[in-house]
Amino acid sequence: MAKELRLMKGNEAIAEAAIRAGADAYFGYPITPQSEVLEYLMGEKPYEKTGMVVLQAESEVAAINMVYGGASCGRKVMTSSSSPGISLKQEGISYMAGAELPGLILNVVRGGPGLGTIQPSQSDYNQAVKGGGHGDYKLVVLAPASVQEMYDFVEKGFELSFKYRTPTMILSDGVIGQMMEKVELSEYKPRWTHEEVVKMHPWATTGKTADRERNIITSLNLQSDVQEEHNLKLQAKYKKMEEDVMFEEVMCDDAEYLFVAFGSSARICQKAIQNAREKGIKVGLLRPITLSPFPSVIIRKYADKVKGMLSVEMNAGQMVHDIKLAVEGKTKVEYYGRMGGIIPIPSDIVKALETKLIGG
Amino acid sequence: MAELTFQDIVKEENLVYKKTSLLTDKALSYCPGCGHGTAHRILMEVIDEMGYQDKTVGVAPVGCSVLAYEFMNIDMQQAAHGRAPALGTAIKRIMPNHFVFTYQGDGDLAAIGTAETIHAINRGENILIVFINNGIYGMTGGQMAPTTLPNMKASTCPFGRDVSIMGNPLRITELIANLPGAYYVTRQAVHTPNNVRKAKKALKKAFEYQMNVKKGTCFVEIVSNCNSGWKMTPVQANKWMEDNMFPYYPLGDIKVPE
Ligand SMILES: Cc1ncc(C[n+]2csc(CCOP(=O)(O)OP(=O)(O)O)c2C)c(N)n1
Ligand code: SF4
Ligand SMILES: [Mg+2]
């Protein structure tokens, strides 16, 4: 069968992927630059086709708690927002992590703090990767660098979030959300039936039948020894997540220097590599695809081979600290970035490489 | 005739009342005399009598009844403070043939969760909201609630609620009765056998409306006591409730289906 190709915005790709992945529900609240997700879903009326629930909630707080309610029933449920709205969702995300619920959260990041700007940014890196809400927890964090990856990471995100019973965040940005690219669409997957859910997710609140004890979804443990045991279990799970680490290496074989960048920064670095190589600088790119789990092992490996790494980020330098932790001082690690919704340009990235690492 | 022994009396056919199997054997953690336990019981009795254990999902709040799932022998979710109606919305929309209820205190429902409450009801979510109004934050040690009466003392208004500074008690039930999505709104109590019977009848109606009529949210308020928070004996608390709470929160139906 011929591949089904379509020219789409990143945000639209997310919505189309949700329908085709057999998602059970989407709950959202408008905010630029991601409102197309809800708009597209409402336009497609999946509730008439697949039975998928689509609802505009009264706030991001309500939306994430709807995700909690639906996920507790063992269903594939998702929400999307941008930075200020993601801050509001942190309470619910923490509860989901504590209650060990799956679920998908898209953050199309814009510049902050506060209301900030509606222009693209990566300044929510720390919030996404270090937890974000209260308590010791981690999410699976996927960083798409193309519209195709926006599409693909919906199914991947659900898969990982059910595998680990941990919410997955797709950490995108205004560039990837708004730009249009060709997307290869997948076949429609049917939604799980109630019977399938009961079988696959015996922990879910599907109604207490005579053959099992009642199911309780909660993040509450009043006794500290029980809570610590729960924390240890969560930490062990986060450790195990490392087996699903994903990254991409671009022209790394002969590289003497490495850009480390994710999302749209990584796209710009590809151009910067071309420019640098024309000047005779052997530089490659290591692109973390999972920001959590972080590709520390591969970064550590390159630390023995290269003369330095430049973390290129659309923020004040957040991922750079994780790179430094990974290399353990084995090589020089510097940061270059822009903030406030300004996108770095390739020539400035090369200049930063020259002044901070090669000349320095 | 031979004298009746204890064994002669304790027989299945003589049983006039027993604990529903939808309550677990765990001892209630509520203070003696607290209305939460009675409210739990009648709610579970209704679900039991309807034969709906396997098709019910309940949502527990944050408040003294956060542990409702320890006592109710059904599938339950515990919500963040005030968010229960958002959870209930998703559960019911995803599993429309299940019976879905939230169980919430006055701080949970009428302060931090006001937005979730009003919007779920305004959308006409086909769920039951059980609202336990004891005029105080029981769980956290008796602080002022949105429902605390004028001049009533609480730990954060130790000289009584001064409405000129602290605002007025919120009759949220009257407010939500105005929403088109509210189908059945009633205010009950559970401190006397007569009130228990009426409250149970209201819950039964709410169950039937949700499962058979499907025309919007049912909202059953139960004006209850908090003898610990009110710093009274259970008997004093019930009397105080009749004398002070009921005039401000009068019992009876507020909105009934046409
Ligand atoms: C976000 C958040 N804020 C505050 C609290 C603390 N807290 C726990 S229960 C409660 C009040 C509960 O009062 P109410 O809903 O009236 O229930 P009651 O205990 O009286 O039945 C508060 C403020 C919390 N758990 N979470
Ligand atoms: S503190 Fe009040 S509401 Fe809580 S269990 Fe005791 S009497 Fe009941
Ligand atoms: Mg209360």
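Things worth noting here:
- Per-residue ellipticity at 222 nm computed for chain B from its helices equals -8500 deg cm²/dmol, with DSSP H segments shorter than 4 residues left out and the rest contributing -39,500 (n - 2.57).
- The Cα center of segment A:1-79 and the Cα center of segment A:173-241 differ in position by 17 Å.
- The share of accessible area on chain A that comes from carbon and sulfur is 53 percent, using a 1.4 angstrom probe.
- Chymotrypsin sites (Phe, Trp or Tyr not before Pro) restricted to segment B:1-101 and DSSP loop, no more than 16 other C-beta within 10 Å: B:TYR17
- Short-range pairs are left out: with C-alpha atoms under 8 Å and at least six residues apart, the relative contact order of chain A is 18 percent.
- Chymotrypsin sites (Phe, Trp or Tyr not before Pro) within segment B:119-182, DSSP loop, no more than 13 other Cβ atoms inside 10 Å: B:PHE159
- Average accessible surface area per residue within the protein assembly as shown, 1.4 Å rolling probe, Å²: 41 Å²
- Accessible area buried, both sides summed, chains B and A with 1.4 Å probe, Å²: 2700 Å²
- Under 20 Å from the Cα of A:LYS279 - aspartates and glutamates, other chains or at least 8 residues apart: A:ASP253, A:ASP254, A:GLU256, A:ASP348, A:GLU354
- Near A:GLU229, once Lys and Arg are set to +1 and Asp and Glu to -1 for all other residues with Cβ below 15 Å from its Cβ, the sum equals -2.
- The alpha carbon gyration tensor of segment A:4-185 gives principal lengths a ≥ b ≥ c with a/c below 1.5, which makes the shape rounded.
- Sites excluded, chymotrypsin sites (Phe, Trp or Tyr not before Pro) in DSSP loops with at most 15 other C-beta within 10 Å, longest stretch of chain A: A:1-187
- Among the trypsin sites (Lys or Arg not before Pro) within segment A:287-327, those in coil by DSSP and having at most 16 neighbouring Cβ atoms inside 10 Å are A:LYS305, A:LYS307.
- The candidates B:LEU4, B:LEU170, arranged from most to least accessible area with a 1.4 Å probe in the full protein assembly, appear as B:LEU4, B:LEU170.
- For the residue pairs A:LYS9/B:LYS92; B:LYS19/B:LYS215; A:LYS45/B:LYS55; A:LYS89/B:LYS255; A:LYS163/A:LYS233; A:LYS208/B:LYS18, the alpha carbons lie more than 23 Å apart in A:LYS9/B:LYS92; B:LYS19/B:LYS215; A:LYS45/B:LYS55; A:LYS89/B:LYS255.
- Oblate is the label for segment A:1-74. Its Cα gyration tensor axes, ordered a ≥ b ≥ c, give a/c of at least 1.5 and b/c at or above a/b.
- When the other protein chains are added to the chain by itself, burial of at least 50 square angstrom of heavy-atom accessible area (probe 1.4 Å, ligands and nucleic acids ignored) affects these residues of segment B:109-125: B:ARG123.
- Each other residue within a Cβ distance under 12 Å of B:ALA79 adds +1 if Lys or Arg and -1 if Asp or Glu, for a net charge of -2.
- The calculated P(r) of segment B:30-255, using every Cα pair and 5 Å bins from 0, goes 1, 7, 16, 21, 22, 17, 10, 4, 2, 0 in percent.
- Radius of gyration (Cα atoms) of chain A, expressed as a multiple of 2.2 N^0.38 Å: 1.01.
- Rounded to the nearest 500, the 222 nm mean residue ellipticity of chain A from helices alone is -12000 deg cm²/dmol, with -39,500 (n - 2.57) taken per DSSP H run of at least 4 residues.
- Of all aspartates and glutamates in the structure, the ones whose alpha carbon falls short of 14 Å from that of A:LYS324, not counting any fewer than 8 places away in one chain, are A:ASP304, A:GLU334.
- Rounded, prolate or oblate (a/c below 1.5 giving rounded, otherwise prolate when a/b exceeds b/c) for segment A:245-358 by Cα gyration tensor: rounded
- Partner aspartates and glutamates whose Cα lies under 17 Å from the Cα of B:LYS11, excluding those fewer than 8 positions away in the same chain, are identified as B:GLU3.
- Value of relative contact order over chain B, rounded to a whole percent, pairs C-alpha under 8 Å and six or more apart: 18 percent
- Formal net charge of residues neighbouring B:THR102 (Cβ-Cβ distance under 12 Å; K, R +1; D, E -1): -1
- In this structure, the residue pairs whose Cα-Cα separation is over 19 Å, taken from A:LYS49/A:LYS189; A:LYS282/A:LYS356; A:LYS138/A:LYS240; A:LYS156/A:LYS199; A:LYS49/B:LYS214, are A:LYS156/A:LYS199; A:LYS49/B:LYS214.
- Percent accessible area from carbon and sulfur atoms, chain B, protein chains only, probe 1.4 Å: 56 percent
- Among B:HIS81, B:HIS98, the order of accessible area from largest down is B:HIS81, B:HIS98, computed with a 1.4 Å probe on protein heavy atoms.
- Accessible surface of A:HIS321 - all protein chains present, 1.4 Å probe, nearest 10 Å²: 110 Å²
- Principal-axis tilt of helix A:83-98 within chain A, Cα atoms, nearest 10 degrees: 60 degrees
- In units of the compact-protein estimate 2.2 N^0.38 Å, the protein assembly as shown shows a Cα radius of gyration of 1.11.
The values are calculated or read from the model by the stated rules, or taken from the named source; none is laboratory data. Keep in mind that this is a model prediction, so the values were computed, not measured. Quick reminder, even Gly has a Cβ in these numbers, built from the backbone with ideal geometry, and neighbours come from all protein chains shown. Ligands, DNA and RNA are stripped out before the accessible areas are found, and what is left, the full protein with its side chains, is counted by its heavy atoms. Shrake-Rupley method; radii C 1.70, N 1.55, O 1.52, S 1.80 Å.
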